[in-house]
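The values are calculated or read from the model by the stated rules, or taken from the named source; none is laboratory data. All of these numbers come straight from a predicted model, not from anything done at the bench. When we count neighbours, we look across all protein chains shown, and the Cβ atoms used for this are built from the backbone with ideal geometry, even at glycine. The accessibility values were calculated without ligands, DNA or RNA, using every heavy atom of the protein model including side chains. Shrake-Rupley method; radii C 1.70, N 1.55, O 1.52, S 1.80 Å.
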Amino acid sequence: MRALHIAATGMKAQELNVEVISNNLANMRTTGYKRQRAEFQDLLYQNLRRVGSDTSTAGTLVPTGVQLGSGVRTAATSRIMSQGTPELTEKETDIAIKGEGFFQIDLPDGTTAYTRDGSFELDSTGQLVTVDGYTVQPGITIPDTALDITINTEGTVQGTVNGTNTTFGQLQLARFTNKGGLQAIGDNLFLETEASGAPIVSTPGDGSTGTLLQNYLEAANVEAVTEISDLISAQRAYEMNSKVIQAADEMMQTSSQLR
């Protein structure tokens, strides 16, 4: 019976939907995390009576026809790149992006990755790095004698060395035409893809590029109430599809008994 296979696709789709929601909830406290949303499409249809076919020699046509669908499939798990709430940390190397843009990170294999996670540290040489030790582009080194380190909204890194105000470097941000097309690789990092387009690198605050907030980190844009509501809806849809399978099975049993 076709209903068994159709309902099975519905159950698989809602199972994936629950997995996406659970990942969002698991990352509620992940710095700079952008939530995902499962998107679905209906599958091919079988035309039992084609729309627009002739019904008489007088030129009358079938107005609606008869089409039977074959279920649902997952089309995408799109990423919602909305702004997360800046949270005060009071750590001088914590930086939040307010607006558009990504920090550029040098990976060990020479690839450039991109992140909204500004929880940076200083390594043994005073270079600004991520929590995994990856260098933040462009390389900025702050000597251990520096005091009162400040990072202004335009990304200029300054401090006091032996009583003299010193500039240590200039942070830059990368924007993308389609930031939803970035490939997530874990560790709060994204990679450029053909879908995202090439990065547009500029100084924070330049044009549509966002500005920086020192002593802050960007929280995940996951809303617990929304995710729980979506979880309940997915669970109900899963249950309804399982009921369809149960009903189809009972109908098949009834028909076989009549034989």
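Laid out as a table, the results:
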read-out	value
Test: T167 is surrounded by fewer than 13 Cβ atoms within 10 Å (Cβ to Cβ), without any contact (Cβ under 8 Å) to a residue 60 or more places away in the chain and out of contact with any Phe, Trp or Tyr (no Cβ under 8 Å at 6 or more places or on another chain)	yes
Any hit, region 98-113, residues being among the basic types (K, R) and open to solvent by 60 Å² or more (accessible area, probe 1.4 Å)	yes
Condition check for R259: among the basic types (K, R), farther than 23 Å from I142 by Cα and at pLDDT 95 or above	no
Failed condition for L43, given (1) open to solvent by less than 80 Å² (accessible area, probe 1.4 Å); (2) under 30 Å from L128 (Cα atoms); (3) touching a Ser or Thr at 6+ places or on another chain (Cβ under 6 Å)	(2)
Qualifying residue in region 88-96 (condition: touching a Phe, Trp or Tyr at 6+ places or on another chain (Cβ under 8 Å) and among the hydroxyl-bearing types (S, T, Y))	yes
Unique residue being hydroxyl-bearing (S, T, Y), touching a strand residue (DSSP E or B) at 6+ places or on another chain (Cβ under 9 Å) and under 24 Å from A220 (Cα atoms) when the list is T115, T111, T145	T115
Close pairs from region 40-60: first of a type in the set (F, W, Y), partner surrounded by 10 or more Cβ atoms within 10 Å (Cβ to Cβ) and not in a loop (DSSP other than H, G, I, E, B), Cβ under 7 Å, at least 6 apart	F40/A13; F40/V72; F40/R73; F40/T74; F40/A75; Y45/Q67; Y45/L68; Y45/G69
Filter result for Y33 (part of a loop (DSSP other than H, G, I, E, B), of a type in the set (S, T, Y) and within 21 Å of the chain's Cα centre (by Cα))	yes
Residue in region 117-134 that is charged (D, E, K, R) and either surrounded by 16 or more Cβ atoms within 10 Å (Cβ to Cβ) or closer than 18 Å to L213 by Cα (or both) present	yes
Residues being more than 20 Å from the chain's Cα centre (by Cα) and either acidic (D, E) or under 30 Å from K179 (Cα atoms) (or both) - total across region 38-80	4
Test for P138: is it in a loop (DSSP other than H, G, I, E, B), of a type outside the set (D, E, K, R) and under 15 Å from V201 (Cβ atoms)	yes
Test for S242: is it under 30 Å from S22 (Cβ atoms), among the small types (G, A, S), open to solvent by less than 50 Å² (accessible area, probe 1.4 Å) and in a loop (DSSP other than H, G, I, E, B)	no
Subset tally (residues that are open to solvent by 20 Å² or more (accessible area, probe 1.4 Å) and part of a loop (DSSP other than H, G, I, E, B)) for region 141-164	8
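For (1) out of contact with any Ser or Thr (no Cβ under 8 Å at 6 or more places or on another chain); (2) of a type in the set (F, W, Y); (3) surrounded by 12 or more Cβ atoms within 10 Å (Cβ to Cβ), each residue gets a yes or a no:
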site	(1), (2), (3)
A3	yes, no, yes
Q14	yes, no, yes
V18	yes, no, yes
L25	yes, no, yes
Q36	no, no, yes
E39	no, no, yes
L48	yes, no, no
D54	no, no, no
A58	yes, no, no
